[in-house]
1. Using just the helices of the chain, give the 222 nm mean residue ellipticity in deg cm²/dmol: DSSP H runs with n ≥ 4 each add -39,500 (n - 2.57), and the total is spread over all residues, rounded to 500.
2. At most 15 other Cβ atoms within 10 Å and a DSSP loop assignment: could you name the GluC sites (Glu not before Pro) in the range 92-168 that fit?
3. What nm value, rounded to one decimal, do you get for the distance between Leu106 and His26 when each label is placed 7 Å out toward the C-beta?
4. Which residues' amide hydrogens lie under 5 Å from the amide hydrogen of Lys208, considering only partners 5 or more residues apart or on another chain, with H built in the peptide plane?
5. Check each of the trypsin sites (Lys or Arg not before Pro) in the range 31-134 and keep only those in coil by DSSP with at most 14 other C-beta atoms within 10 angstrom; list them in order.
6. Based on Cβ point charges of +1 for Lys and Arg and -1 for Asp and Glu, what charge dipole magnitude is obtained for the chain about its Cα centre, in debye rounded to the nearest 20?
7. Under 18 Å from the 7 Å Cα→Cβ point of Leu190, by amide nitrogen: which residues of the range 93-118?
8. Ignoring ligands, DNA and RNA, what percent of the 1.4 Å accessible area of the range 154-261 is carbon and sulfur?
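The values are calculated or read from the model by the stated rules, or taken from the named source; none is laboratory data. On a predicted model such as this, the values are computed, not experimentally measured, just so you know. Every residue, glycine among them, receives a Cβ derived from its backbone with ideal geometry; neighbour counts consider all protein chains shown. These accessible areas exclude ligands, DNA and RNA; they are computed on the full protein's heavy atoms, side chains included. Shrake-Rupley method; radii C 1.70, N 1.55, O 1.52, S 1.80 Å.
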Amino acid sequence: MKIFLLGGTKDSTNIIKHIKKHYPAHILTTTTTEYGAKLAQESGSDDTIAKPLLKHEIIEIIKNENFNILIDATHPFAKHITQTSASIAEQLKIPYIRFERPTTNLENIETSHIHYVNSFTEAGKLIETEYPEGNVLHFAGANTMEEVLKYVNVNRFYPRILKVKSSLEKCEKLNIKPNHIIPMTGSASLEENIELIEKYNASTMITKESGEIGGVIEKIQAAQMKNISVIMIKRPKIAELNKNDIVSNIKELDIKLKSFF
């Protein structure tokens, strides 16, 4: 069985390990960075592609190499690729599984310091009007910085990003000083988040509602302990998805996979 996996997340590496352990499968994982591809290889992916792919390129690979299943385990905020992958599977008439990590359970977490917005533009506007003092920790990836910086002075802005070429080029283009860039190698612990808040004298933190695996709880708790605000970007809703194609954990994924093997 040949599986085409759209990856680049912690979810995707967990999926690779699980499938390779329990199923006779060949996995090709696509990521947008060399770092993501390296993690996929280390997790057991048979092949990797380390660059963004256009729709026609994905179709060509799936058709030419006879892939049997398309699994989308991209980030919850990668709305476009999820829409694209669902339409590709429908077009090619192959099974499609969307691995959608659960939303964060905040039932026992103090949330009075969290402010929800629908976009990074809204986040920037909110900081401009409500939090004009202190520095801003941007824990939401390099691709979202520009929208915020339309409203927030770059001298107050400290992004935590992967130090890969594409992200560093974005920083340079946006005039973000090198000493403002916080290197990222994975989800930060509560203690690490507290250290960053203190080190950069932050008054505000921007993050996505990316689920517990993305370290959201540790960010919220650190902000609460240091009495700073969290600007939380709500997860996008993708109307094109069929709810029967969505799984949110390995157990649900297994139920789907067993019907194919």
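1. Details: 10 runs with 101 residues, N = 261.
Taken over the chain, the calculation gives -11500 deg cm²/dmol.
2. Working: sites: Glu100, Glu107, Glu110, Glu122, Glu128, Glu130, Glu133, Glu146, Glu147; in loops: Glu100, Glu107, Glu110, Glu133.
Those that pass, being in a loop and sparsely packed, are Glu107, Glu110, Glu133.
3. Once both label points are built, they end up 4.6 nm from each other.
4. Result for Lys208 returns Ile233.
5. Values: sites: Lys38, Lys55, Lys63, Lys79, Lys93, Arg98, Lys125; in loops: Lys93.
Of the trypsin sites (Lys or Arg not before Pro), the ones in loops of the range 31-134 whose Cβ has at most 14 other Cβ atoms within 10 Å are Lys93.
6. Numbers: 33 positive and 32 negative charges, 90 e Å.
That gives a dipole near 440 debye.
7. 104-114
8. On the way: 2870 of 5860 Å².
That share works out to 49 percent.
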